[in-house]
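Trainee: I'd like to ask you about the structure that follows.
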Amino acid sequence: MKFSKFSSLLMLLAVFIMAPNAVSAEDHGKMDHSKHETPVLKGAGHNADEHAKGEKIEIGRMKVTLMPEYDGAGLIVIKEGKFADKSMFPREVTFNIPKGVKKITDVCSLSPGGQHFCQLFEITEGQNTNILNAKLPYSDFFIDFKYSPFEAKENSTRTFTYDLSSQYDIKTLEVNIQKPARVEKFTLTPTTANTYEKTGYEYYKYVLKNVKAGETKSFTVSYYKADTAPSVSVKFKAMGDNRIFSGNIAEILLGAGVLALAFVIVWRRRKTGV
């Protein structure tokens with residue numbers, strides 16, 4: 001009985017150690033981050049209301065990546081960048097997102113050390129776009145979402161136009177479009193993109209300077225695809241890339257298991273008199 005109580009406590013301790021870290025990358029992607037509040041916003045720095053009205057807010061650099069049919073039938077959009085003046089944060093900011101987007105995967109603010117802090121946000125209806133409102137503790141941001149601007153059917157041509165606009169001036173805007181796997185007749189408008197290869201995929205890159213607030217930049221993508229399978233196998237990716245435990249948690253739990261097994265062996269030998 002004594003050992004039974006000890007082993008139970010040991011198991012509870014292992015669960016307690018494991019709980020904060022046992023989240024896979026796949027589970028993280030499925031989380032609804034709009035329900036999670038970061039403690040960084042509470043009492044961190046000055047408030048957006050402390051800035052005078054009419055102040056000039058600019059994005060220094062923003063990179064937008066479009067990935068059609070990457071892990072499913074839709075389009076993945078990733079926006080990342082930094083506002084020009086980091087001293088203006090924390091503050092509330094707004095981003096334009098397509099009308100078809102009603103759910104966001106991640107809205108994060110990046111600390112100087114590169115840590116992602118997921119933020120509360122809300123989406124409101126705009127005239128030409130939907131509006132994403134969020135309060136960022138830091139000037140660097142990371143946003144990603146997925147929606148379906150085209151229908152993926154076998155032996156068909158997929159065509160969509162992504163209209164990109166901003167609530168703020170952007171000093172440098174970089175747009176990267178990934179070419180899906182197994183496609184033919186891949187075309188882009190504008191046709192002025194530079195190409196490069198990364199992780200086995202061909203990308204098309206645009207670099208635009210001094211994009212004004214409210215100015216719309218449109219990118220049209222068209223290609224023929226015989227199948228409806230995504231570029232990457234989600235199951236294979238999850239098995240190959242995800243790590244269930246972070247840091248040294250796996251080693252700690254393994255050690256705890258070995259220790260528990262040793263106690264079982266000793267206890268059984270004493271009980272049987274071996």
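Trainee: Which order, highest average first, do 209-215, 116-122 follow once you tally other Cβ atoms within 10 Å for each residue and take the mean per peptide?
Mentor: In descending order of packing, they fall as 116-122, 209-215.
Trainee: Going by amide H atoms built from the backbone, whose H comes under 5 Å of the H on Y168, apart from near neighbours?
Mentor: Result for Y168 returns G214.
Trainee: So what is the relative contact order for the stretch 121-185, in percent, with contacts set as C-alpha pairs under 8 Å and at least six apart?
Mentor: Normalised by residue count, the contact order of the stretch 121-185 is 14 percent.
Trainee: Quickly rank 98-105, 132-139 as a protection proxy: mean count of other C-beta atoms within 10 Å, highest first.
Mentor: Top of the packing list down: 132-139, 98-105.
The numbers here are math on the coordinates, done by the rules we state, and not lab data. If you're wondering where the values come from, they're calculated on a predicted model, not measured in any experiment. Every residue, glycine as well, gets a Cβ built from its backbone with ideal geometry; the counts of neighbours run over all protein chains shown.
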